[in-house]
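Everything below concerns the one structure shown next.
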Amino acid sequence: MRPSAAVETKLSAKTGRFAPSITGAAHPGTLLAALLGWLDARSAGARFVLRLEDLDHTRLRPGMREEMVRALEWLAIDWDQLVLQSSLSAQHEAALDHLAALGVLYPCQCSRKQRLASNLVAADGGYAYDNRCRGRKLPAAGWRHADEPLRVQLPDTRVELFDEGGLDLSQSPSLEMGDPIVRRRDGVIAYHLVVVVDDAASGVTRVVRGRDLATSTATQVQLQGLLGLSQPSYRHHFLLLEGDTHKLAKLHGSLPFGELQQSFSGDAFCGLLGALAGLQAQPEPCTPTDLLGGFRWERVRKGDLLFER
Ligand code: GLU
């Protein structure tokens, strides 16, 4: 699948994006990612796309889409285009067709127990998959008829890559992470594949996201290579950690938007995020636009931060 002419045209314009999963409430880590992505895009004169990742129907709850939009509006983030990931199913399926035609798509029959038995610790701290199902064949009727998860056989090569902030993302993904699942057993098309297809579909040229996703980047770059898609620039920012458990607030969010809104105005919270990020000395209430003038990545803090309630 070569990028379509429409995608190529859009790629000539700088485009940033914020792509939250809407399977949980917006919380401080989500809003930090939105603010930094927005500042990065707007300071570069780029378009800004809001993509709501809504494919995982098993975890979607009514009202999550509206709540995410409300949270961003409360923070005074704006966007040029709103995309629902679920509207891109045709592109996701075309990508799977392309991977099947390349012969790199295979069904995986491994149980969770077998996967853990490989005992290979992955770059992200989880378990790497040992690619033991490589060589298994898709159903004769095609990948749509598979009732097992589908993986992509990545090239066994090393990706040498630094992000814009100098973070070393170099990795041999097939070895250090294992071939990624791109379609789950229940038919939901999985994160690594949709993220690269969706970014290309909106002509995204700059990806700004939390450091928890840094170890995914090399896998995604190899998928872009297999799909013939352009590679955006990447930058990974610091995370807010929860005060009590030291887990990533972005992933575990102990302070959902509903509660946040009771304690802060949007301006007050923007000012707090700006101060936590190092963009202003004191948490003076402000809007994202107020932070734009002084925004430079060199000023943004590097280390993760404990978020005290
Ligand atoms: N949807 C992912 C999340 O909410 C972010 C995807 C990405 O930025 O690549 O963590």
Share of alpha-carbon pairs per 10 Å distance bin for region 55-135, given as whole %: 13, 23, 30, 24, 9, 0
Amide hydrogen neighbours beyond the local backbone of V83, cut-off 5 Å, H modeled: L50, R51, L52
Helix-only [θ]222 nm of the chain, DSSP H runs n ≥ 4, -39500 (n - 2.57) each, per residue, nearest 500: -9500 deg cm²/dmol
Projected-area mean, the chain, by convex hull of Cα positions, square nanometres: 15.7 nm²
On Cα atoms only, tilt of 217-227 relative to the major axis of the chain in degrees: 50 degrees
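Just want the ordering: K137, K14, from fewest to most Cβ atoms lying within 10 Å of their own Cβ.
Numbers: K137 8, K14 17.
In increasing order of surrounding Cβ atoms, one gets K137, K14.
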Using alpha-carbon coordinates, inclination of helix 89-102 to the longest axis of the chain, degrees: 40 degrees
Descending principal axes extents, region 138-211, alpha-carbon based, whole Å: 45, 30, 17
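Which of the GluC sites (Glu not before Pro) across region 160-196 are loop residues per DSSP, with 14 or fewer other Cβ within 10 Å?
E160, E164
Given R₀ = 35 Å, FRET efficiency for Q81-A117 by Cβ-Cβ distance, to 0.05?
Details: r = 45 Å, r/R0 = 1.27.
Using R0 = 35 Å, I get an efficiency of 0.20.
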Fraction of beta bridges assigned by DSSP in the chain that are antiparallel (%, nearest 5): 35 percent
Of Y127, S230, S172, farthest towards positive along the dipole that unit charges on Lys, Arg, Asp, Glu beta carbons give region 108-254: Y127
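Find the Rg to Rh ratio for region 98-231, where Rh is the Kirkwood radius over alpha-carbon pairs and Rg uses the same atoms.
Numbers: Rg = 14.8 Å, Rh = 15.5 Å.
Rg divided by Rh gives 0.96.
Just so you know, all these numbers are worked out from the coordinates, no wet-lab data involved. As the structure is a computational prediction, the values presented were derived from the model and not from experiment. Note: ideal-geometry Cβ built from the backbone for every residue, glycine included; neighbour counts use all protein chains shown.
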